[in-house]
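To keep things clear, I will list the structure first and then write my remarks on it.
The values are calculated or read from the model by the stated rules, or taken from the named source; none is laboratory data. Just so you know, these numbers come straight off a predicted model, no measurement behind them. Positions of Cβ are backbone-derived with ideal geometry, glycine not excepted, and every protein chain shown enters the neighbour counts. These area figures cover heavy atoms from the full protein model, side chains too; ligands, DNA and RNA do not enter into them. Shrake-Rupley method; radii C 1.70, N 1.55, O 1.52, S 1.80 Å.
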Amino acid sequence: QVQFVESGGGLVQPGGSLRVSCVASGSIFSMYAMGWYRQAPGKQRELVATIDSGGSTNYEDSVKGRFTISRDNAKKTVYLQMNGLKPEDTAVYYCNHVNQLFGWGQGTQVTVSS
């Protein structure tokens, strides 16, 4: 079973930047298409960025041009660089396979507020 540990969240002012990380267990991480998800209070979890095994990326419209997903297969880690943060980006951020094949980690809280 694959497990994920997310980290790097925090409190940031509007317009600021954060990079969140997700470390995965399991020996075939490099084969997985991975996604970053987020869940804001009172809302459903949504997929905001994906990266496939070849490094191709896709983004949800509201984060396009501001967020960048990347991966380091040797470290079994996927990253989400978030620039130009807005209050509406406030959420708990999670990573998982793009088809949500595995259990969820604890997530990392990102709060954008002045």
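The figures follow:
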read-out: Among the residues listed as G54, G8, G42, the single one being free of Cβ contacts under 8 Å to residues at least 60 places away in the same chain and either touching an Asp or Glu at 6+ places or on another chain (Cβ under 8 Å) or on the phi > 0 side of the Ramachandran plot (or both); value: G42
read-out: Lone unmet requirement of (1) open to solvent by less than 60 Å² (accessible area, probe 1.4 Å); (2) assigned to a loop (DSSP other than H, G, I, E, B) for Q44; value: (1)
read-out: Residue in the range 65-72 that is at positive phi and open to solvent by 40 Å² or more (accessible area, probe 1.4 Å) present; value: yes
read-out: Checklist (1) open to solvent by 10 Å² or more (accessible area, probe 1.4 Å); (2) touching a Phe, Trp or Tyr at 6+ places or on another chain (Cβ under 9 Å); (3) not in a loop (DSSP other than H, G, I, E, B) applied to Y93, failing item; value: (1)
read-out: Sole exception among (1) in contact (Cβ under 8 Å) with a residue 24 or more places away in the chain; (2) out of contact with any helix residue (DSSP H, G or I) (no Cβ under 8 Å at 6 or more places or on another chain) for S30, by number; value: (2)
read-out: Residue count for the range 73-90, restricted to those that are basic (K, R) and either within 14 Å of S30 (Cα to Cα) or surrounded by 19 or more Cβ atoms within 10 Å (Cβ to Cβ) (or both); value: 2
read-out: Leading residue by the ranking (farthest from the chain's Cα centre (by Cα)) among those in the range 47-60 that are open to solvent by 50 Å² or more (accessible area, probe 1.4 Å) and either within 12 Å of V98 (Cα to Cα) or of a type outside the set (D, E) (or both); value: G54
read-out: Tally of residues being loosely packed, with under 15 Cβ neighbours inside 10 Å, closer than 17 Å to T57 by Cα and at pLDDT below 95 across the range 8-32; value: 2
read-out: Residue within the range 61-76 that is over 22 Å from G103 (Cα atoms), touching a residue at least 12 places away in the same chain (Cβ under 8 Å), in a strand (DSSP E or B) and within 15 Å of the chain's Cα centre (by Cα) present; value: yes
